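One structure is given here, and the rest of the page talks about it.
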Amino acid sequence: MKAWTIIKKEYKQIVKKKSFVISTILTPLMMAAFIFLPMLLTRMGREEKTIEIADFSGIVQEQFIKKSAEDRVVENILKLKFRSTADKYSSQDELVKEYETKIYKKEDVDFPLLPEHKEKILKKEIAGLVIIPGDVQQSRRVYFCALNVSDFGTNEYISATVEKILSEKILTEQNIELKIVEEAIRDVNLGTFKVKKDGTKKRSSGMEYMMSIFMLTILFSILMAYGQLIMRGVIEEKNNRIVEVLISSTNTQSLFYGKIIGIGLAGLTQVALWVLLGVVFLGSTNFDFSKNIAGFLTPELGIYFIIFFVIGYFMYSILFSIVGASVNTDQEAQQFAAPITYLLVIPFIIGIIVTQNPDTPLVVVSSLIPFFTPTLMFMRICVAVPDFSQVLLSIVLSSLFVMFLAYLGAKIFRVGILMYGKRPSLREVIRWYRYA
């Protein structure tokens, strides 16, 4: 039995499974849902909130309610409704000042919330209470009491609106006309355009970030999935003694490379099907959302995805196959495979830096380390294509490292595949290289 026969066997064995078809369809959908669904649910899951305002200053409340009623974002996305409190709250102003004095001395004190307002919030009759101190113009401090204080959109809107109202007041006190004031503090909308050699086109910063994470997640998933597949396949054949029959018909080197290449071709087939499904989907829709995705998924990016998939696949499949040949059970395999998994997870941690500063020394050096290259360099390309010399260097270094791993892995595989009994130590596995 030659290597080509093993390649065909491994390829057909995977592609003909129902799980292959199901994963081909579900994997990109699940990854997209994992990344994009929280944003959609955040908008869809909002319910209207009523927030009351207690204004001791007398300069914020009326303008705040007026502005919030005119703001479409508040009405359609944040779904907030602001109103003045009907209760007498002026008696609490001194207590608020006392609270301010103590809290900035780092004393542990409770905010002086009136019992009736506390009861309203606990019974969910109102979502919260905004308290404007009498000296808000000097102190620039506002307080928001609510059951949920983790809604960043609401918190940011309250602080930004109070800031705008105070700015208007200060400017009008300087005898500047209100129209001029409104024009002076009008919001600025930032449009983002991605600069490339073939042109400068409008791109959404949020979409760029989410798609970069999405592509990295897809790459991580298939590298992990097919690496684990090879490892478990080797363990199964080893425990069932099928490998002894295979070795009687061919050599261990052909078996080693045949399994890796055959399963790798199945992986490439799955990637090709994803590309085809993506082209059909983007070509059949005409929404701005799909246009933004189509603008991100360029042919150049597709080529780089395949290159780094191939490099990453061979790199990690060799490591996983060595683990499979070295152990006898799944439990032992998981312990040996844990460090390999960490090597794939680390780029996700560094990925936060990549999206913000893809050319910092830490990111550049990390992306040239062969273990991290398939994921980190690809993410750098997604965010902002680095110099071609860096990309080429990363590909060359990684390819050379894969060749070294293949040479080393074939030798260890040759000894380990026929080793049964106790779990070997790392030192013993390294020693197998000398036996081969």
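Details
- Exclusive hit being out of contact with any Leu (no Cβ under 8 Å at 6 or more places or on another chain) and either at pLDDT 75 or above or of a type in the set (Lys, Arg) (or both), set Lys49, Lys17: Lys17
- Number of the exception - Asn155 against (1) at pLDDT 85 or above; (2) touching a helix residue (DSSP H, G or I) at 6+ places or on another chain (Cβ under 8 Å): (2)
- Filter result (farther than 19 Å from Ala406 by Cα and of a type outside the set (Ser, Thr, Tyr)) within the stretch 328-343: Asn328, Asp330, Gln331, Glu332, Ala333, Gln334, Gln335, Ala338
- Taken together, the residues in the stretch 376-390 that are assigned to a helix (DSSP H, G or I) and more than 25 Å from Val345 (Cβ to Cβ) amount to 2.
- Scanning the stretch 112-134 for residues that are assigned to a loop (DSSP other than H, G, I, E, B) and surrounded by 15 or more Cβ atoms within 10 Å (Cβ to Cβ) turns up Pro112, Leu113, Leu114, Ile126, Ala127, Pro133, Gly134.
- Long-range neighbours under 7 Å by Cβ, at least six apart or interchain, first residue in the same structural domain as Ile131 (by TED's automatic domain parsing) within the stretch 107-118, second at pLDDT below 80 and outside any helix (DSSP H, G or I): Leu114/Asp87; Leu114/Tyr89; Glu116/Asp87; His117/Asp87
- For the criterion of being surrounded by 15 or more Cβ atoms within 10 Å (Cβ to Cβ) and farther than 19 Å from Leu301 by Cα, Leu344 passes.
- Hits in the stretch 306-354 (condition: among the polar types (S, T, N, Q) and not in a helix (DSSP H, G or I)): Asn328, Thr329
- With respect to the conditions (1) buried (at least 16 other Cβ atoms within 10 Å of the Cβ); (2) at pLDDT 65 or above; (3) within 30 Å of Asn357 (Cα to Cα), Arg203 falls short on a single one, namely (2).
Quick grid of which residues meet (1) in contact with a strand residue (DSSP E or B) (Cβ under 9 Å, 6 or more places away or on another chain); (2) of a type outside the set (A, V, I, L, M):
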| position | (1), (2) |
| --- | --- |
| Lys123 | no, yes |
| Pro133 | yes, yes |
| Ala160 | no, no |
| Leu171 | no, no |
| Gln174 | no, yes |
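The values are calculated or read from the model by the stated rules, or taken from the named source; none is laboratory data. What you see is a predicted model, and the numbers here were worked out from it, not measured in a lab. Note: ideal-geometry Cβ built from the backbone for every residue, glycine included; neighbour counts use all protein chains shown.
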